[in-house]
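Structure first, then comments.
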Amino acid sequence: MTTSSSSLWKDLIAGGIAGTAGVVIGHPFDTIKVRLQQQQQQIQPPKIKTKIAPTISTPSLSSSLSSSSILRGKYVAPQHAIPPSNNLYRGLYRGIGAPLVTAALINASVFCVYGSASRMWDNHHSNSNDKNSSVSSTTTTTATTTTTTI
């Protein structure tokens, strides 16, 4: 196994681990956020406008909400956002399969292309000792455009 193929595998593995870690850490927070947003939508009354009957003026929910009532859970009940304790991990990590695979593959490809472009730049410009922002921007642009087209 050559050094370049070894580096390629290291980049692929590192990218896969980074993508997996990001999803494993972020998915529970995403789940809670979505559930809280769904609760807020269920609380707000639907806005119905008809041309036949005049609209009746009622105080809107947003005008009656204060920051203290939201923090106390008066309008948005956080107990429904987090599943019961006997089902906590399964509830928070439900639906993680597709994002996990996708993030691992995307990050692996970004790491791989960025590492390859960086090594190619270093091999081509081995005489110059200055590492500046053009190297980083060139390799980042290469990695971004390559993975975007995939």
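Please treat every number below as a calculation from the coordinates, not as lab data. Here the structure is a predicted model, which means the values were calculated and not measured. Cβ placement follows ideal geometry from the backbone for every residue including glycine, while neighbour counts extend to all protein chains displayed.
Of note:
- In this simple spin-label model, placing a label point 7 Å from the Cα along the Cα-to-Cβ direction at both residue 41 and residue 87 gives a separation of 2.0 nm.
- Distance between the 7 Å Cα→Cβ label points at residue 141 and residue 122: 2.2 nm.
- Sum of side-chain charges, residue 31 neighbourhood, beta-carbon under 14 Å (Lys, Arg +1; Asp, Glu -1): +3
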